[in-house]
Amino acid sequence: MMRLPLLTAALSAFCTLALPAGAATANPDTANTATTPITLDQAMANPDWIGPAVETAWWQWDGKEVIYKQKRDGSQLRDTWRADAGKAGRNRRVDDAELAKLDSPNVVYDQKRSHAIVLRNGDLFERDLNNGALVQITRNAGKIAAMQYAKDERSVQFRVGDDWFGWSRTERLLAPLASVRAAKDPSAQEADALRDMQLRLIATLKRQKDERDAARARAEEERRADPTRAPATIYLGDKLAILNSHLSPDGRWLLVVTGPKDPDGGRVGKMPRYVTESGYEEFSDERTRVGRNSPRAQALKLVNLATREVKDLSLDVLPGIATDPLAAMRAAQKLEPLKGKRPVTIGFNGDAVVWSPNGANLAVMLRAVDNKDRWIATVDLPRAALQPVHRLSDEAWVNYDNNEFGWLPDSATLWYLSEESGYSHLYTRDAGGGVRALTSGKWEASDVAWSADGQTAWMMCNRATPVAYEVCAVSARDGATREVSSLGGGVEDFRLSPDQRKLLVHYSASYLPAQIATLPSTGGTAVKLTDTRSADFKARDWIQPQYVPVPSTHGADPVWAKLYRPAQLEAGKKYPVVMFVHGAGYLQNVSHRYSVYFREQMFHNLLVQKGYVVLDMDYRASKGYGAKWRSAIYRQMGHPELEDYLDGVNWMVANQQGDAQNVGIYGGSYGGFMTFMGLLRAPEVFKSGAALRPVSDWTSYNHDYTANILNTPDVDPEAYKVSSPIEYAQNLKGHLLIAHGMVDDNVLFQDSVRMAQRLIELKKDNWELAPYPMERHSFVQPESWYDEYRRIYQLFERTLKH
C-alpha cells in the first residue's frame, strides 16, 4: 500500500544539525577538518547564497576587455560587467549609458579580422577593428539570422524570415538580395481545358491576356536591367514549407531547405494544473509520444539567382539510402516494408549547411530519420547534384552531438568531426578527396575553432583522463596536438580574441561555479578574472570527490566515478552505501567541472558526515567516453548501466568498507529510471531508493530521444518491454520513494501515476509517492527541494541503518 512519510522529532533535530565537511584531498588518509557547518535547509536553499556563476562572456572589439553577464542576488535580472582582460581585480558593473558602446556575443569576423558583424538587441552593426568605429546597419528590421560576410568582404548578408538582404560598407546601402515563398507563382497558370478553349474562341480575352503577359515580361526585363531594383520573388509552390535558406557569399546561389506543409502531429497529451492563479484547474497541450510524431522527410532545392531556375537536389546518391537497417524488425512485426528511399533531415537541427568563404563550394550534412546514418555531401552547383564525401553509420544510433563541420579559409578544404574511430575526432578533406585524421586516441574532440589562416584548430579535449577537460591546439600541417590551458581539467568552453592571440575560457571546479580567465592562445599562465562565490560558501571546507576508475566485470572500460567518503575510515566499521545516478543518460557528471548536481553534491557531504559513503558513476550511456560507451544501451536501456552500478557496489564493499546489506540508490529523470531498474531488477542488492521525476515506461517518452535508443514501439516492441521499469514492478521488495513534479513537461507526471497504480494492484508495501503540484522537471522552489531531500534522507536513515 501507499504509505505517507511521517514528520518526526528526529527529522527536526536533523535539519538543525551542523555538518562538518572534509577538506579537499586525493589522499583518503589525510584528515578532514570542518570549519563551517551545513544544514539540509542551507544545501537546498536558493543557490544565490553560493554566488552566481559567470554566464555568457565575450571579448570587447579591441581584445583589451572582457564583457560578461552575471545574475543579481535575489533576482532573475542579469547585469553586464566588464573586466580588464590582462589583470584581475579590475571588474566593474556597466552603467546603462555605456551599453550602446559594447559589442555582443553574436559576432562574425571577416577573414582578415579587420571588421566584424555584431548582432545586438536584434539589430545589426559593423565594427571596424582597426579603430573601433561602429556603424549601425538595421533598426527594428525583424528577426535577423544567418549573418555573414559576402565574398568581397566589404558587404554583409543576412536573412529576415525568408528574405535575404545585403549591406555595402562602401555605399552604406541596405538592399534586398533574394526572396523565396512557399506559394504558387501568381503569373503561372496550370493547364485547364476550359480556359484554353475560351482563349481560342474569344479573341478579346486572348488579346487582354497577351497584353498582360507582355507587360509582365517587360517589367521583368526592366528589373533585370536596373541593378537598383529589388529582385523578383521566387515561388516554390504551395505543397511545401520553407524551413531554412542559405545564400552563397558570392550572391549567385540560394539553397532552400524544405519540409512537408502539414506534418503529422499525432495525438497530443494534456497536462492538468491544479494550483493556478485563476483558482480553476487548467490544461495545456504537451508533447506527443515516441513513434507518434516521427520527423518528416526534408528536401533541398538549389536556386540559381541569375536565372531564377529552381532544381531539386536528389538524395538517391547517398550511400545506403535505399537500404532499410530495420527491415528485419519490420518483417518480424509483420509491418509493411519501407517504400522507396529512407527519409532524411538536414543535419540534426535543419540548419547543417555551410558555404565556403568564396561561395564556390557548398557542404551539407544529412541524417537518416531512423538515426542510423549521417552523411556529409558537397554540391556540384552547375549540375545541381549532391556528391557524398563522408558517411558515418552506427547500428545503434548516430550521435546528435559532435557534428561540427565547415570550410577552411582556402575555400577548398573541408573539415569535420566524426566518431568513425569510436571517438569524436577532427578530420580534413582536401580538394582532391584526400582525408586526414588530425586527432586520434581514446579521447573526445569538440567545439572546434580555426585560426584565420587555417593552420591551427583549437578545441575542447580530455586527453589526460576522460574526466579532465582543457583547451587543445592541433596543427593542420602535421596533427601535432597539445593542451594550451592548464586549469585543473575544469574548462567548460572558450572564445578566441579578435586577434586570436588570446583565449577567454569558462572554467570551474567541484565547488567553484563557472568563472572566466584569459590566457595566450599558444599556452601560458592564465589570468583569473572572477571569483563570484559568496564569502560564506568559500569559507566552507567541502569534501572533495575522489575520481576513481571502477573496474568493469563485463568487458567494458573502467567506469569513472566520484567517491565521497570520510578522510579516515574507521577500522572494522561497515558504512551504508548510497549510489547516485545522474540524469539525461548522455551526460557527463564525473568531471573536474562544477556539477549541475551541486545541491546533490552538498547532500553527499551531509550523508558522509552522517555515516554513509557515496558513489556517483558515469555509467555506460554517459558522455565523454566514446561511441561504444554511449551506445551500449541500444535496445536494452537500464541493463548495462545496472551492471556498472552493481560493479560499483561490489567495489565499495571491497575497497571502501561498504556494507553490502545496506545499499541505497537515488537519482532524477534518467537517474530516477535507473533507481527503478535497480530496485526492480536487483532487489537483492538495493535495499531502498528514491526515484525522482522518473521514466517508468519509455513508450510514453518523446520521439527524438527515445527512438535513437529503442527504435519505435511498433518496430521494436521487445526493446521497450525489456527497458521499461513498469514491466518489472512485481519484483519490488525494498523501500521506494517516488517524487515527481505534477507539471513536469519533460517526463510527464503520468509516468509516476501509472507506476503507482501498478504497485497498488500488485499490493506492494513500503513505497510512497510525493507529488509537487507547482514544479516542472527541474525543481525551482527551495521549499520543494527541501521537502524532496528531507524525504530522501528519511528514507535512507530509516532503511539503511538497521
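The values are calculated or read from the model by the stated rules, or taken from the named source; none is laboratory data. Here the structure is a predicted model, which means the values were calculated and not measured. Backbone-built Cβ (ideal geometry, glycine too); neighbour counts: all protein chains shown. The protein model used for the area step is the full one, side chains on, heavy atoms only, and it has no ligands, DNA or RNA in it. Shrake-Rupley method; radii C 1.70, N 1.55, O 1.52, S 1.80 Å.
Hey, does segment 664-673 have a residue that's closer than 19 Å to A729 by Cβ and without any contact (Cβ under 8 Å) to a residue 60 or more places away in the chain?
Yes - at least one qualifying residue is present in segment 664-673.
Could you run through segment 533-545 and say how many residues are under 27 Å from the mean Cα position of the chain (by Cα) and crowded, with 20+ Cβ neighbours inside 10 Å?
Residues meeting the conditions: 1.
For the structure I just gave you, tell me whether D152 is outside any strand (DSSP E or B), more than 22 Å from V118 (Cα to Cα) and not aromatic (F, W, Y).
No, not satisfied.
Need a quick list: helices (runs of 4 or more DSSP H) entirely within segment 707-802 having at least 1 residues that are in contact with a strand residue (DSSP E or B) (Cβ under 9 Å, 6 or more places away or on another chain).
750-761, 782-799
Consider segment 389-409. How many of its residues are farther than 18 Å from V344 by Cβ, open to solvent by 30 Å² or more (accessible area, probe 1.4 Å) and part of a strand (DSSP E or B)?
Count: 1.
In segment 412-458, what count of residues is obtained for those that are of a type in the set (D, E, K, R) and touching a helix residue (DSSP H, G or I) at 6+ places or on another chain (Cβ under 7 Å)?
Selection size over segment 412-458: 1.
State whether one or more residues within segment 228-239 are open to solvent by less than 50 Å² (accessible area, probe 1.4 Å), over 41 Å from the mean Cα position of the chain (by Cα) and within 30 Å of Q136 (Cα to Cα).
no
Here are some residues: V548, V596, V578. Which one is part of a strand (DSSP E or B), β-branched (V, I, T) and open to solvent by 10 Å² or more (accessible area, probe 1.4 Å)?
V548
Would you tally the residues in segment 135-153 being loosely packed, with under 15 Cβ neighbours inside 10 Å and under 14 Å from G251 (Cβ atoms)?
1
From the set of residues in segment 70-90 that are modelled with pLDDT of 95 or more and polar (S, T, N, Q), which is surrounded by the most Cβ atoms within 10 Å (Cβ to Cβ)?
Step by step, filter segment 70-90, then rank; the result is Q70.
Contact list please: Cβ distance under 7 Å, first residue in segment 631-657 and farther than 16 Å from G671 by Cα, second residue among the acidic types (D, E), pairs at least six apart or on different chains.
These pairs meet every condition: S631/D394; R635/D716.
Quick test for you: out of Y634, Y720, pick the one residue that is more than 30 Å from A567 (Cα to Cα), of a type in the set (S, T, Y) and open to solvent by 20 Å² or more (accessible area, probe 1.4 Å).
Matching residue, one of Y634, Y720: Y634.
Going through segment 674-696 one residue at a time, which ones are open to solvent by 30 Å² or more (accessible area, probe 1.4 Å), out of contact with any Pro (no Cβ under 9 Å at 6 or more places or on another chain) and part of a helix (DSSP H, G or I)?
Selection gives nothing.
Could you list, in sequence order, the residues of segment 463-494 that are over 16 Å from K528 (Cβ atoms) and among the hydroxyl-bearing types (S, T, Y)?
T465, Y469, S475, T481
Look through segment 319-360, keep the residues that are within 30 Å of A146 (Cβ to Cβ) and among the basic types (K, R), and return whichever of them is surrounded by the most Cβ atoms within 10 Å (Cβ to Cβ).
Looking at the filtered set, the residue picked out is R342.
Please give the strands (runs of 3 or more DSSP E) falling wholly within segment 256-314 in which 1 or more residues are among the basic types (K, R) and without any contact (Cβ under 8 Å) to a residue 40 or more places away in the chain.
By residue number, 270-273.
Within segment 44-52, can one find any residue that is aromatic (F, W, Y), surrounded by fewer than 20 Cβ atoms within 10 Å (Cβ to Cβ) and either more than 21 Å from L503 (Cβ to Cβ) or modelled with pLDDT of 95 or more (or both)?
Yes: one or more hits.
Within segment 654-673, does at least one residue satisfy the condition of being in a helix (DSSP H, G or I) and surrounded by fewer than 19 Cβ atoms within 10 Å (Cβ to Cβ)?
Within segment 654-673, one or more residues are in a helix (DSSP H, G or I) and surrounded by fewer than 19 Cβ atoms within 10 Å (Cβ to Cβ).
Answer with yes or no whether W698 is out of contact with any strand residue (DSSP E or B) (no Cβ under 9 Å at 6 or more places or on another chain) and either under 22 Å from A770 (Cβ atoms) or in contact (Cβ under 8 Å) with a residue 40 or more places away in the chain (or both).
Yes.
Is at least one residue of segment 114-122 over 29 Å from I242 (Cα atoms), open to solvent by less than 40 Å² (accessible area, probe 1.4 Å) and part of a loop (DSSP other than H, G, I, E, B)?
Yes - at least one qualifying residue is present in segment 114-122.
For A363, indicate whether it is of a type in the set (G, A, S) and surrounded by 19 or more Cβ atoms within 10 Å (Cβ to Cβ).
Taking the combined requirement at face value, the residue satisfies it.
Please verify whether segment 188-203 includes one or more residues that are in a helix (DSSP H, G or I), acidic (D, E) and open to solvent by 40 Å² or more (accessible area, probe 1.4 Å).
Yes, because at least one residue in segment 188-203 is in a helix (DSSP H, G or I), acidic (D, E) and open to solvent by 40 Å² or more (accessible area, probe 1.4 Å).
Starting from residues that are of a type in the set (A, V, I, L, M, F, W, C) and open to solvent by 50 Å² or more (accessible area, probe 1.4 Å), keep the ones in segment 298-318 and report whichever is farthest from the chain's Cα centre (by Cα).
A306
Being out of contact with any Cys (no Cβ under 7 Å at 6 or more places or on another chain) and not in a loop (DSSP other than H, G, I, E, B) is the filter here; which residues of segment 429-457 pass it?
Those that are out of contact with any Cys (no Cβ under 7 Å at 6 or more places or on another chain) and not in a loop (DSSP other than H, G, I, E, B): R429, V435, R436, A437, S446, D447, V448, A449, W450, T456, A457.
Just to be sure, is T699 open to solvent by 10 Å² or more (accessible area, probe 1.4 Å), at negative phi, in contact with a Pro (Cβ under 7 Å, 6 or more places away or on another chain) and among the hydroxyl-bearing types (S, T, Y)?
Considered against the rule, which asks whether it is open to solvent by 10 Å² or more (accessible area, probe 1.4 Å), at negative phi, in contact with a Pro (Cβ under 7 Å, 6 or more places away or on another chain) and among the hydroxyl-bearing types (S, T, Y), T699 comes out as yes.
For the list (1) among the hydrophobic types (A, V, I, L, M, F, W, C); (2) in contact with a Phe, Trp or Tyr (Cβ under 8 Å, 6 or more places away or on another chain); (3) surrounded by 21 or more Cβ atoms within 10 Å (Cβ to Cβ), I need the number of the one condition that W375 fails.
For W375, the failing item is (2).
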